[in-house]
Each structure stands twice: as structure tokens, then as C-alpha cells.
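Read-outs throughout are calculated quantities, based only on the coordinates presented, and are distinct from any laboratory measurement. Fair warning: this is a prediction, and the values are worked out from it, not measured in the lab. Here the Cβ is made from the backbone with ideal geometry for all residues, glycine too, and neighbour counts use every protein chain on show.
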Amino acid sequence: MIEELRIQGLGVIEDATLELAPGLTVVTGETGAGKTMVVTGVGLLLGERADPGRVRAGAGRLLVEGRWRLSPEEAVARRVNQAGAVLDEDGTLLVTRQVADHGRSRASVGGVAVPVSLLAEVGNELVALHGQSDQRLLLAPQRQRQALDRFAGAADVLAQYRGTYQRLHDLDAELVELTTRARERAQEADVLRVGVAEVAAAAPQSGEDVRRTEEARRLAHAEELRGAAEVARTALRDDDGIDVGTLIGQARKAVSTQRDNDPVLAALDDRLAELGFLAADLATDLATYATSVETDPQRLATVEERRSVLQSLTRRYGDTVDDVLAWAQSASERLVDLDRSDDRVGELRVERAALHETLGAQAAALSRLRQAAAQAFGAAVTLEMHALAMPNSALQVAVDQHSAEPGLPLPDGREVAFGPDGVDDVELRLVGHPGAPARPLAKAASGGELSRVMLAIEVVFAGADPTATFVFDEVDAGVGGAAAVEVGRRLARLARTAQVLVVTHLAQVAAFGDRQLVVRKTDDGAVTSSGVHQVEGDDRAHELARMLGGLADSASAQAHAHELLQLAAEERGEP
């Protein structure tokens with residue numbers, strides 16, 4: 001629930017703080033004092049569009065802060081945590097909205113900047129806002145269907161239907177893709193088959209391109225390689241002249257005569273001996289290498305021909321032979337998928353037929369649920385409307401299915417148009433008086449009547465609705481006297497299971513509040529931080545007397561005010 005609401009720079013309100021509590025809180029005040037700005041402020045916290053024209057002249061910006069008390073286990077709290085915000089230690093959550101006079105808007109939740117869309121997402125779970133324009137939403141067919149589904153308890157059945165509907169939608173999209181792109185897939189398969197066959201015919205081996213390149217270079221330079229090895233071997237060991245081996249032998253002969261006189265020189269002599277052995281071995285290896293290098297033009301031609309084949313593959317399918325092999329593997333797998341497309345189309349068509357049957361059965365069950373609940377829902381709302389100064393009116397709920405050609409069949413054989421919410425068109429219709437035709441709510445209800453129908457629906461749902469807070473502005477429009485008393489009584493009953501905040505100009509409604517906040521202007525027309533007061537006892541009776549006729553000090557008005565307060569106390573079960 002909302003514990004506190006602070007408003008700065010909004011319309012006529014300079015700075016005002018409202019301390020809120022469970023139950024029914026009524027906000028009253030003189031015309032132009034800014035009562036409706038309270039609802040506007042709540043709307044901004046719920047992500048409604050920011051109007052820079054609402055910024056108080058000279059303020060530069062408006063600020064609205066709302067402090068909610070939540071349980072960490074609530075879905076809203078978890079969503080807030082996902083956004084990076086956390087509840088305070090006492091379980092409260094601070095939501096703020098700033099709007100500059102040049103139009104820029106900022107929002108934060110739990111001290112973390114968030115997009116305004118998150119306010120709307122969170123707000124829809126926390127508050128049901130019924131401002132003077134929000135009542136018109138009840139005229140939308142979608143809202144009327146939602147109201148009936150809430151009453152019918154159709155959430156689970158509707159969820160199952162939507163799951164089947166979405167699966168059918170996805171399946172149809174896949175079928176369209178498979179059937180319309182059949183030619184493209186055939187062309188793709190032809191290209192892949194040619195490539196896979198080419199790679200298979202060449203049968204390249206991993207790393208073969210590197211090995212073939214090295215071999216070709218060796219064969220092309222065979223004479224140079226053999227000559228280089230012979231020169232190096234001669235330098236190390238030459239039977240006809242001075243070579244490295246001879247020079248090392250001479251060095252050893254000079255050193256070995258004195259090795260016993262110094263261990264350091266002895267170590268050097270050992271290294272010379274080792275060097276001699278290495279030179280001899282290296283000379284032998286060079287001679288063997290020179291002998292192994294052969295000039296083979298035919299082999300060179302064969303290698304170059306193979307390299308040409310491999311290069312042809314790498315130009316088309318990858319930078320290296322290993323890349324070509326990877327492409328061939330991937331292409332083979334893709335071919336399997338493409339070859340299975342016809343089989344997949346058959347499988348999808350079989351599944352589609354089964355889904356049609358399931359969807360038809362689910363739609364029929366949903367329709368039966370709605371039709372069974374329609375009369376009871378209309379009767380329950382009508383009963384509340386009678387108590388709200390609409391004694392001769394009645395609400396009817398029409399549930400129809402429109403035929404469609406071509407459509408999908410229901411179990412009874414009728415073909416209807418299926419949508420994401422079923423096959424039903426739900427319409428609320430108002431009967432103005434006995435014998436009058438039932439007309440759509442949008443055409444039959446005045447603004448005041450629409451407000452009362454909306455309140456009647458909310459009262460019917462009281463206790464079963466998960467919404468924690470209801471905010472009403474001008475729900476009593478167009479009523480007075482005994483009807484206004486009943487509006488107050490219904491709001492009080494709604495407040496038994498939820499927090500209710502009502503902006504009203506009627507004393508008959510205000511009297512039923514568990515607490516009453518009065519918005520007062522200063523002489524210059526501003527509402528300051530001290531301009532919102534909770535009134536109790538005689539002060540509250542005085543305010544109600546003012547609302548009754550403008551004569552706050554009138555004895556009859558005071559007596560009427562006390563009568564209203566006593567009536568409200570009896571409604572709450574107080575002595």
C-alpha cells in the first residue's frame with residue numbers, strides 16, 4: 001500500500017505531503033485547491049505521460065514521491081530487484097518522478113534510475129487508478145472481456161488456450177516459411193551437393209596443403225639444396241684439405257698436453273673433444289641428406305597438380321584445407337536438414353490438425369465459462385448499480401462468436417474467427433429502464449453513470465482482486481443525496497479488503513472515510529507543505545458542513561454532518 005505521497009510544483013500545489021494508511025482515505029477541499037492533482041501525481045508515479053504544462057509556474061520542475069510498503073516475497077519486489085533497486089530495511093520502496101518544464105522526465109525506484117515503462121509495469125500491480133479519463137477505459141471491448149474473465153475465474157483456461165494459440169501461430173509461420181521457400185531451399189541444396197561432391201572427390205587430408213607446399217618447394221630447389229649440403233659437409237670434413245675437423249684436432253693436440261696441469265684447461269679440452277664428435281656427426285648427416293635429395297621433375301609435376309586441386313577447394317570453401325573439411329561437414333549436416341524439409345512439412349501438418357482440434361475444444365470451454373458467468377456477473381453488478389442511484393437500470397453481458405469464412409471449427413462444427421483471447425466478443429450493455437433495449441455501454445451511459453458502473457464492478461470484485469490500492473477521482477460525478485451516501489458506503493466496503501484513496505466534493509461520500517485529508521489554499525492560491533491536514537472530531541464535522549452547503553457554521557449543516565458521520569460509523573460496526 002501507499003504510505004506517503006509528496007507532491008512539489010504540480011499545478012497549484014507548491015509542496016504538499018499526504019500521510020496515507022489502510023482503509024478508506026478521502027481527500028477534500030475547495031474548488032481549485034488541487035484535490036485532483038493528487039490523482040495526477042499518483043498517475044505520474046504509475047508511468048502516465050508527463051505533461052510539462054502541469055509544472056507550476058516558476059517552479060522549473062515538478063516532483064512526485066511515493067513510498068510503498070511491500071513484502072519481499074511479492075512479485076513486484078522481485079521485479080524491482082531485477083532492475084537493481086532494493087527495498088529499504090523497513091520494507092518500504094521509494095518511487096519518484098520528475099518532470100521539467102521543458103518536457104524532460106526522469107524516474108527512479110529505490111534510488112535507482114529506471115525507464116518510465118518500469119513504473120507502468122510495477123504500478124499496474126500495485127494500484128488501480130480511476131481518474132476522470134480512466135473511466136472511459138471501461139468502454140474498450142478488451143477491458144470488458146477482462147472484467148468478465150476475472151469474474152468467471154477463467155485465468156487458467158485462458159492461459160492454456162493462449163499457449164495452444166501461440167504454438168499454432170508459430171507452427172503456421174514455420175509452415176509458411178517451409179512452403180514459400182521450397183525453391184530457394186532446392187537451389188541451396190543443389191549448390192551444397194556440388195560442393196560436397198567436389199570435396200569428397202578430392203579427398204583432402206588435414207594439413208595436406210601445408211605438406212604439399214613444403215614438398216613442392218623442396219623438389220623445385222633440389223640442386224641448390226644438394227649443393228649447399230655438399231659445401232657444408234666439405235667444410236666440416238674434407239679428405240683433401242683443411243676442414244673443421246682437422247682444425248679441431250690441432251686445437252686438441254695443443255691443449256691436451258697441458259690438461260693435467262689445470263682442471264679448467266682440462267674442461268676446455270673435453271669441450272673440444274665433444275665439438276669434434278659433433279662436427280663429425282653433422283658432416284655424416286649432411287652427406288646423407290645430400291645423397292637423399294633427388295631431382296624428380298615428374299614428382300614435382302604430380303605435387304603441383306595436387307596443389308592446384310587443393311587451391312581450387314580453398315578458393316571456394318575456406319582459407320585452408322582444414323577449413324574446407326569443416327565446411328564440408330557443415331554442408332553435409334545442412335543437406336540432411338534440407339532433405340528432411342518435406343518430411344518436416346508433413347509432420348507440421350499433422351501437428352497443426354491436432355492443434356486445431358485442441359484449440360477448438362479449449363475455445364469452446366472458454367466460451368462456456370464466459371457464457372455461464374455472464375448472467376451472474378450482470379446480476380451482481382446490477383444489484384450494486386441499484387444501490388448507486390440507478391434503480392431502474394440493469395447491466396447485461398453479451399458473449400457472441402462471429403462466424404468467419406474461412407475459419408476454424410468449434411466442436412459443434414461452426415467455423416469462427418480465433419483470436420489470442422478466444423473466439424468471443426464480450427460487450428457490456430446497459431438497460432436504461434424496464435422494457436428499454438440493451439444498448440452498448442459506450443452509447444447508453446452518461447459520464448456519471450459510467451463512474452457508478454465502474455464502481456459497482458470494483459465492489460463486485462472486492463476481496464478477490466489482487467490490487468492493493470484503488471484511487472478514485474470524481475467517482476461520485478453526477479450523483480447526490482441518498483445516491484451519494486450509497487457511493488460512500490460502497491467505497492467503504494471496498495476498503496475493507498484494500499487501500500482506497502478517493503478525491504471527492506461530496507460530504508456524503510467523505511463521511512465514510514476512515515480518515516479525511518483537507519487540501520487548503522493560502523491567500524495567494526498556492527498549496528504549501530502545511531496545506532494538507534487530517535481533520536478529526538469537530539474539525540471534520542466542520543469540513544463536512546462546509547461541503548454540504550458552504551455554511552460551515554450553520555447548526556443544521558453541523559447536525560447533518562454529525563448524522564453522516566454516525567451513519568458511516570454504523571456501517572463500520574462502530575457504536
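Output the 0 to 90 degree angle, nearest 10, between the alpha-carbon long axis of helix 537-549 and the longest principal axis computed from the alpha carbons of the chain. Here the helix axis deviates by roughly 80 degrees. Expressed to the nearest 5 percent, the antiparallel share of DSSP beta bridges inside the chain is 70 percent. Other residues lying with their Cβ under 11 Å from the Cβ of VAL116 contribute a combined charge of +1, Lys and Arg counting +1, Asp and Glu -1.
Which number comes out as Rg/Rh for segment 208-319 once both Rg and the Kirkwood Rh are worked out on C-alpha atoms?
Numbers: Rg = 22.5 Å, Rh = 17.5 Å.
My calculation puts Rg/Rh at 1.29.
Quick one: net charge of ALA510's neighbours, Cβ under 12 Å, K/R +1, D/E -1? List each step's numbers first, then the result.
On the way: positive: LYS35, ARG515, ARG540, ARG546; negative: ASP476, ASP514, GLU543.
Charge balance in the 12 Å sphere: +1.
With +1 assigned to the C-beta of every Lys and Arg and -1 to the C-beta of every Asp and Glu, and no other charges, what is the dipole magnitude of segment 208-319 about the Cα centre in debye, to the nearest 20?
Details: 16 positive and 23 negative charges, 93 e Å.
Computed charge dipole of segment 208-319: roughly 440 debye.
Using Cβ point charges alone (K and R +1, D and E -1), the dipole size of the chain about the Cα centre works out to roughly 1860 debye. Over the chain, all Cα pairs binned in 20 Å intervals from 0 give whole-percent P(r) values of 15, 29, 19, 12, 12, 10, 3, 0, listed from short to long. Listed by chain and number, the lysines whose alpha-carbon sits under 19 Å from that of LYS443, ignoring those within fewer than 8 places in the same chain, form an empty set.
Could you tell me the convex hull volume per residue, in Å³, taken over the Cα atoms of segment 225-265?
So the per-residue Cα hull volume is 68 Å³.
Every Cα-Cα pair of segment 239-284 was included, and the share exceeding 15 Å stands at 44 percent.
With the Cα gyration tensor of segment 1-56 giving a ≥ b ≥ c as the square roots of its eigenvalues, does the rule (a/c under 1.5 for rounded; else a/b larger than b/c for prolate; else oblate) give rounded, prolate or oblate? Oblate is the answer for segment 1-56, as a/c is 1.5 or above yet b/c matches or exceeds a/b.
What is the percent of Cα-Cα separations in segment 70-124 that go past 19 Å?
On the way: 378 of 1485 pairs.
For segment 70-124, the fraction of Cα-Cα distances above 19 Å is 25 percent.
Got the relative contact order for the chain handy, in percent, Cα pairs under 8 Å and 6 or more residues apart? Don't skip to the answer; put the middle values down first.
Working: 898 pairs, mean separation 116.0, N = 575.
It comes to 20 percent, rounded to a whole number.
SER308: net charge of surrounding residues, Cβ under 12 Å, Lys/Arg +1, Asp/Glu -1, itself excluded? Numbers along the way, then the final one.
Numbers: positive: ARG212, ARG306, ARG307, ARG315; negative: ASP209, GLU304, GLU305.
Around SER308, the charge tally is +1.
Among ALA557, LEU70, TYR317, whose Cα sits farthest toward the positive end of the charge dipole of the chain (+1 at Cβ of Lys/Arg, -1 at Cβ of Asp/Glu, about the Cα centre)? My answer, from the dipole projection, is ALA557. The largest-to-smallest principal axis extents of the Cα set in segment 122-258 are 117, 53, 28 Å.
Got a sec? Charge dipole of the chain, +1 on Cβ for Lys and Arg, -1 for Asp and Glu; which of GLY110, ALA510, GLY41 is way out at the positive end? So the residue we want is ALA510. With the helix formula -39500 (n - 2.57) applied to DSSP H stretches of n ≥ 4, the chain reaches a computed 222 nm mean residue ellipticity of -18000 deg cm²/dmol.
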